[in-house]
1. Quick check, is PRO121 open to solvent by 40 Å² or more (accessible area, probe 1.4 Å) and out of contact with any helix residue (DSSP H, G or I) (no Cβ under 8 Å at 6 or more places or on another chain)?
2. If a residue has to be touching a residue at least 60 places away in the same chain (Cβ under 8 Å), in contact with a Lys or Arg (Cβ under 7 Å, 6 or more places away or on another chain) and of a type in the set (Asp, Glu) to count, how many in the stretch 81-131 make the cut?
3. Consider LEU192 carefully, then state whether it is in contact with a Phe, Trp or Tyr (Cβ under 6 Å, 6 or more places away or on another chain), open to solvent by 30 Å² or more (accessible area, probe 1.4 Å) and free of Cβ contacts under 8 Å to residues at least 40 places away in the same chain.
4. Looking only at residues that are among the basic types (Lys, Arg) and farther than 15 Å from ASN173 by Cβ in the stretch 1-52, which one is least open to solvent (accessible area, probe 1.4 Å)?
5. Do you know which of the residues in the stretch 152-176 that are without any contact (Cβ under 8 Å) to a residue 40 or more places away in the chain and of a type in the set (Gly, Ala, Ser) is surrounded by the fewest Cβ atoms within 10 Å (Cβ to Cβ)?
6. Of all residues in the stretch 98-154, which are at pLDDT below 95 and under 15 Å from the mean Cα position of the chain (by Cα)?
7. Tell me, please, whether a residue that is touching a residue at least 24 places away in the same chain (Cβ under 8 Å), touching a Ser or Thr at 6+ places or on another chain (Cβ under 8 Å), within 13 Å of HIS11 (Cβ to Cβ) and open to solvent by 40 Å² or more (accessible area, probe 1.4 Å) can be found in the stretch 132-151.
8. Restricting the first residue to the stretch 32-46 and requiring it to be touching a residue at least 60 places away in the same chain (Cβ under 8 Å), which pairs with a second residue that is assigned to a helix (DSSP H, G or I) and polar (S, T, N, Q) meet a Cβ separation below 6 Å and a spacing of at least six or different chains?
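The values are calculated or read from the model by the stated rules, or taken from the named source; none is laboratory data. This is a predicted model, so every value here is computed, not measured. When we count neighbours, we look across all protein chains shown, and the Cβ atoms used for this are built from the backbone with ideal geometry, even at glycine. Each accessible area value is taken on the protein alone, full model and side chains, heavy atoms only, with ligands, DNA and RNA left out. Shrake-Rupley method; radii C 1.70, N 1.55, O 1.52, S 1.80 Å.
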Amino acid sequence: KMRKDFYVFRHGETDLNKQKRWQGSGEDYDLNATGVAQAELAVNKLKEKKLEVIFSSPLKRALHTAEIVGKAVEAEVRVENDLRECFYGDAEGKPIADLEREYPDILNNWYNPQYLDIRFPGGESKAEALNRVLARLDKLKNEPYGTMGVAIHGGTMGALLGHFKVSFAKIPNCAAFHLVYDAAGWRVEGGLF
């Protein structure tokens, strides 16, 4: 079986990130100036990886990040709707400080890998979003490329890392990790970089 290498990276900063608001697929803010600068720095991390294509969430913040990286490394960007962020329902766009008061059990356990069935009212569960992204990656491994970029979001990235038993403190904007598929199945090599 052929080995497939995926470099999964988070988008740059948006104004909602800066304002410490909870941002899922219900909020479609573009990168701010800091976010554009972060995406340009992410190019340095990714350019020696020889990406042949970048698959991106359709949300502006991820797509814009993917386009900046793609242009610099000369890789085509393809939108994959299933790579979008989790939909957070009633929590969308709300200040994180408010959510800590209103939904402490949900917010404090969002990045805990043991809690998969949690969801905000009206939103997708962590498991639903994770399974949607995993199913899409499972299809993307059949694409005719050896090395691919994947531009996604903090929530789904955290869920993926938890799924693959990779511990992390937080996921900064434009953080990345290396996901491998080969004869042994899926695994993450190393940690966040």
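1. Here the answer is no, as PRO121 does not meet what is asked.
2. The qualifying residues number 0.
3. Numbers: in contact with a Phe, Trp or Tyr (Cβ under 6 Å, 6 or more places away or on another chain): yes; open to solvent by 30 Å² or more (accessible area, probe 1.4 Å): yes; free of Cβ contacts under 8 Å to residues at least 40 places away in the same chain: yes.
For LEU192, the condition - in contact with a Phe, Trp or Tyr (Cβ under 6 Å, 6 or more places away or on another chain), open to solvent by 30 Å² or more (accessible area, probe 1.4 Å) and free of Cβ contacts under 8 Å to residues at least 40 places away in the same chain - is met.
4. Keep residues of the stretch 1-52 that are among the basic types (Lys, Arg), which gives 1, 3-4, 10, 18, 20-21, 45, 47, 49-50.
Right, trim to farther than 15 Å from ASN173 by Cβ and you get 1, 3-4, 47, 49-50.
Details: LYS1: 184, ARG3: 95, LYS4: 18, LYS47: 116, LYS49: 55, LYS50: 148 Å².
Looking at the filtered set, the residue picked out is LYS4.
5. Step by step, filter the stretch 152-176, then rank; the result is ALA169.
6. Matches in the stretch 98-154: TRP110, TYR111.
7. For the stretch 132-151, residues touching a residue at least 24 places away in the same chain (Cβ under 8 Å), touching a Ser or Thr at 6+ places or on another chain (Cβ under 8 Å), within 13 Å of HIS11 (Cβ to Cβ) and open to solvent by 40 Å² or more (accessible area, probe 1.4 Å): absent.
8. Final answer for the pair search is ALA39/THR65.
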